[in-house]
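The values are calculated or read from the model by the stated rules, or taken from the named source; none is laboratory data. None of these values were measured; they are calculated from a predicted model. Neighbour counts are summed over all protein chains in view; Cβ atoms, including those assigned to glycine, are modelled from backbone coordinates with ideal geometry. Just so you know, the surface numbers come from the protein's heavy atoms only, side chains and all, with ligands and any DNA or RNA stripped out. Shrake-Rupley method; radii C 1.70, N 1.55, O 1.52, S 1.80 Å.
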Amino acid sequence: MKTIKYSRFLTYTLAWLFLSIPFISCEKYLDVDTDTDSPTTAPLGQLLTNIDIAIANTVDFRLWSGDMLSVYTHQFTAREEQDQYGTKADNINLNNDWDTIYLTLTDIETLISQATESGDMVYVGIAEILKAYLMSVAVDLWGDVPFSEATLLEGGTVSPVFDNQEAVYQAVLDLLDSGKAKVAGGQGLSLPASDDLYYGGSTTQWVKFANTYKLKLYNQIRLSSLFNQADFNALVSENNFLSSIADDFQFTHTNAQAPSDERNQLFIDAYGGAQVAKYISPWFYEILMGMNPNIHTGNKDPRIPYYWANQLTPGQFPRDQGDTTTGDPNADYWDSSTGFFSIRFGSIGPDRDHAVQTDATFPGIFPCGGRYDDGQGFARTIASGTGVAPRRILTYDEFLYIQAELMHVGLMSGDAGAKLREAMEASFAKVDQVVAGSGTSQSVPTLEGSPEVIAFMDGIDNEFAAANDEKRLELIMTQKWVATFGDSMDQYNDYRRTGYPILADPNGPSPEYQLDNGDGWPLQDNLTVLNNGFQYSFFWPQPELNLNQNAPEQKDPTTVKIFWDN
């Protein structure tokens with residue numbers, strides 16, 4: 001399986017390299033003194049498009065580390081090594097992210113060099129902003145990483161040093177400022193347009209994104225020595241952030257399948273495989289169902305049928321392994337009242353590894369363009385959805401949750417509770433937007449403004465009003481975690497720096513799960529275990545350590561934290 005995934009990654013890499021070879025379409029390549037059959041530089045637009053695709057792939061699902069992160073944040077469960085926080089140094093998906101980041105960083109430096117030479121400073125600015133994004137992700141995953149010498153291979157540097165993570169983060173903040181200024185300046189004879197897959201060349205939106213991303217980073221480092229109060233205050237005073245869901249920084253997937261498959265990566269992985277690859281976390285399920293006794297108790301989330309789809313109808317007995325004679329469902333986790341079917345984190349139960357292709361619950365229309373759960377059940381195939389759902393990276397509703405947190409801790413003025421309500425409203429609107437753009441043939445009701453949504457948000461408001469300060473932070477982070485389902489990178493960051501949301505703990509007090517079907521086969525907490533510590537960073541890729549003479553010794557990711565992790 002891993003060999004196949006890595007082979008696919010190499011195929012994509014070769015495709016990017018092929019795309020970087022320019023077609024004879026730019027005027028400057030028609031110069032009579034130039035060998036047009038052997039161009040030495042790629043057009044800026046093609047470089048930017050390739051970079052945009054790589055940015056979308058980084059920490060995504062299927063071939064990248066989203067598979068690990070989504071289990072570490074307990075929105076999915078898995079049978080693979082990421083279960084029980086067991087990701088190893090040779091993990092192919094995580095190594096793919098490393099390779100993607102540094103291949104893309106080389107392309108970014110090429111774009112910056114060429115665009116600087118030609119005076120096309122908007123391209124330079126966008127490249128600097130994307131460079132900042134990539135390197136912040138690299139630090140957030142691994143800590144110290146190559147940066148200052150990372151793209152000096154042509155000059156003979158084959159073993160780049162690993163730079164201090166705080167120094168890299170400071171460079172990231174500086175790059176955002178530099179990139180924003182260049183984009184806002186609008187200089188250049190060549191300006192991005194359709195080659196910019198995020199904002200179509202809109203300099204206004206790029207500036208908003210740069211500001212919002214910088215605010216996100218400041219929120220992330222707010223308890224570290226790198227936090228600059230004066231710079232933060234200036235950013236807040238500028239007040240030029242994402243202002244609606246139209247400004248969302250996201251990669252648009254389509255249903256095209258040739259010459260390459262452009263559908264959502266999570267959709268391809270979940271709906272296209274012969275086996276079940278993605279299990280919805282029962283912990284996530286119970287919180288949204290209102291079953292958890294410690295948060296949102298009794299307040300069922302209206303997004304449930306948009307977030308996952310049950311193949312089983314309510315009350316239907318599991319078909320794959322269920323024993324109709326004894327009544328034993330042979331299920332690791334099954335809610336007969338809804339048809340939800342999954343496996344638990346850290347399960348060692350006898351039913352964990354059954355083949356459950358026709359019983360398992362699948363990610364739904366919002367996270368990946370899958371099926372909307374109409375309660376009628378379905379038989380999962382690649383035709384069960386469209387695969388048209390954006391790869392969400394930084395969205396307007398996420399920005400509002402960031403503001404709510406900053407207000408709550410006193411770094412921004414305003415009412416944190418009111419901002420939380422505003423963030424929830426934007427989150428429901430985001431679901432509606434994704435559904436409307438999915439091309440689904442199903443009849444899907446609108447969430448925004450519905451009585452169910454209003455009642456749910458009223459319930460959260462009441463919970464927030466009655467909570468102490470620490471619980472209020474938990475409520476903000478939990479709703480942010482719910483709203484960003486399918487985008488696990490920031491959730492992983494949020495949990496490490498705040499401790500929220502509370503995650504399932506097989507070693508914690510029982511009951512770990514509250515489900516009771518009222519049958520003779522109740523959940524047994526002693527059949528879930530945790531034999532590994534939580535990884536606060538990831539192993540550096542072993543191939544890098546083997547080949548790079550300046551690489552550090554391998555670390556223990558259960559003890560080595562990112563500098564902003566408190």
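Structure above, values below:
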read-out	value
Hey, Tyr123 hydroxyl-bearing (Ser, Thr, Tyr), within 19 Å of the chain's Cα centre (by Cα) and under 18 Å from Ile51 (Cβ atoms) or not	no
Flag if Pro509 is more than 22 Å from Phe340 (Cα to Cα), open to solvent by 20 Å² or more (accessible area, probe 1.4 Å), touching a residue at least 12 places away in the same chain (Cβ under 8 Å) and over 24 Å from the mean Cα position of the chain (by Cα)	no
Scan of region 486-503 for residues that are assigned to a loop (DSSP other than H, G, I, E, B) and either on the phi > 0 side of the Ramachandran plot or touching a Lys or Arg at 6+ places or on another chain (Cβ under 8 Å) (or both), ordered by number	Gly486, Asp487, Gly499
Hits in region 512-566 - residues which are touching a Ser or Thr at 6+ places or on another chain (Cβ under 9 Å), surrounded by 12 or more Cβ atoms within 10 Å (Cβ to Cβ) and not in a loop (DSSP other than H, G, I, E, B)	Asp525, Leu527, Thr528
Filter pass, Gly508 being among the small types (Gly, Ala, Ser), at pLDDT below 95 and either outside any loop (DSSP other than H, G, I, E, B) or more than 28 Å from Lys471 (Cβ to Cβ) (or both)	no
Given (1) crowded, with 21+ Cβ neighbours inside 10 Å; (2) assigned to a loop (DSSP other than H, G, I, E, B); (3) touching an Asp or Glu at 6+ places or on another chain (Cβ under 6 Å), index of the condition Ile476 fails	(2)
Residue within region 293-312 that is touching a residue at least 24 places away in the same chain (Cβ under 8 Å), touching a Lys or Arg at 6+ places or on another chain (Cβ under 8 Å) and assigned to a strand (DSSP E or B) present	yes
Output for region 51-84, where each listed residue is under 30 Å from Thr116 (Cβ atoms), in a helix (DSSP H, G or I) and either open to solvent by 10 Å² or more (accessible area, probe 1.4 Å) or among the hydrophobic types (A, V, I, L, M, F, W, C) (or both)	Ile51, Ile53, Ala54, Ile55, Ala56, Asn57
Output for region 249-263, where each listed residue is out of contact with any strand residue (DSSP E or B) (no Cβ under 7 Å at 6 or more places or on another chain) and open to solvent by less than 70 Å² (accessible area, probe 1.4 Å)	Thr254, Ala256, Ser260, Asp261, Arg263
Selection count where residues are closer than 30 Å to Val435 by Cα and in a helix (DSSP H, G or I), scope region 220-261	3
Verdict on Trp481 being surrounded by 21 or more Cβ atoms within 10 Å (Cβ to Cβ) and of a type in the set (A, V, I, L, M, F, W, C)	yes
Check on Ala171, at pLDDT 95 or above, touching an Asp or Glu at 6+ places or on another chain (Cβ under 9 Å), buried (at least 22 other Cβ atoms within 10 Å of the Cβ) and assigned to a helix (DSSP H, G or I)	no
